[in-house]
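The values are calculated or read from the model by the stated rules, or taken from the named source; none is laboratory data. None of the values given here were measured: they were computed from a predicted structure. Ideal geometry is used to build each Cβ from the backbone, glycine not excepted, and the neighbour counts take in all protein chains shown. Just so you know, the surface numbers come from the protein's heavy atoms only, side chains and all, with ligands and any DNA or RNA stripped out. Shrake-Rupley method; radii C 1.70, N 1.55, O 1.52, S 1.80 Å.
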Amino acid sequence: YWNFDSVKCVAELPVPKATKCMCGADWGIDDKTAFIFMYGLPGDIVYVAQEYVAGGLSCQQHAANLGKYPRLPYYVMDSAAWHRESDMSSVPDRFGQAGINLVQATKQFDGSLSDVLDLVANNQLVISPQCKYVLDGINSWQHGSHEPDALAAMRYGIHQMLATYMVRPPIRKEHKMTFEEYLKYRKESMKGPNLAPGKHFTIMDGFKKR
């Protein structure tokens with residue numbers, strides 16, 4: 001998320017009462033469990049308004065803590081949570097018993113990530129300054145490394161918002177980088193083109209070289 005504008009796109013925004021809320025969730029294995037609450041605002045803005053992030057708790061304990069947040073008909077959680085454990089129950093089963101209904105999130109990583117990148121490029125993703133885990137992930141995560149659970153939860157929720165027309169799909173633009181931005185974006189596993197200072201290339205050019 002090298003082009004996320006932390007000046008324009010980190011803000012508290014008013015949310016009208018009738019605005020629908022979407023929540024993406026990721027069951028923590030390497031990280032803490034995350035529930036990210038988002039709204040679709042005028043101008044097809046995705047507003048990340050609240051986050052619940054906690055670790056070392058049971059599904060019932062998480063469900064009790066979520067009582068402080070918007071109560072929704074369903075929450076979108078990563079598909080790995082549907083794994084059956086030795087007692088033949090799954091994470092969604094246990095959340096369901098506690099009154100939290102989960103539906104399975106997309107398995108399409110690249111496609112859902114591209115949607116988020118397009119929102120970022122168009123300044124259509126706005127994050128509350130209270131969402132510290134999401135902002136930390138936005139500022140530190142690099143493609144190819146482990147995706148923080150808060151970011152994955154946000155991605156699942158945004159994919160569902162687009163799929164259910166809570167917001168319209170963002171217009172896909174050619175994302176140009178300066179040489180300095182390219183150096184920040186490039187990873188050791190990525191073989192990018194040779195560039196001179198002041199030149200530009202696009203994100204898609206970079207992916208074609210992988």
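General remarks:
- Gyration tensor over alpha-carbon atoms, the stretch 84-140, equivalent ellipsoid semi-axes in Å: 31, 16, 11
- Local electrostatic count, residue 156, Cβ distance below 13 Å [Lys/Arg +1, Asp/Glu -1]: -3
- Pairs exceeding 21 Å between alpha-carbon atoms, taken from 8/132; 68/132; 20/132; 32/132; 20/68: 20/132.
- For the stretch 110-175, the alpha-carbon coordinates run over 26, 25, 18 Å along the three principal axes, in decreasing order.
- Bins of 5 Å from zero: percent of alpha-carbon pairs in the stretch 1-159: 2, 9, 19, 24, 20, 14, 8, 3, 1, 0
- Across 146, 83, the residue with the most accessible area heads the list, and the full order at a 1.4 Å probe is 83, 146.
- Computed extension gain for residue 85 through residue 165, at 0.36 nm per residue and net of the alpha carbon distance, reaches 25.3 nm.
- Sorted on the mean count of surrounding Cβ atoms within 10 Å across their residues, most packed first, peptides 48-55, 160-167, 66-73 read 48-55, 160-167, 66-73.
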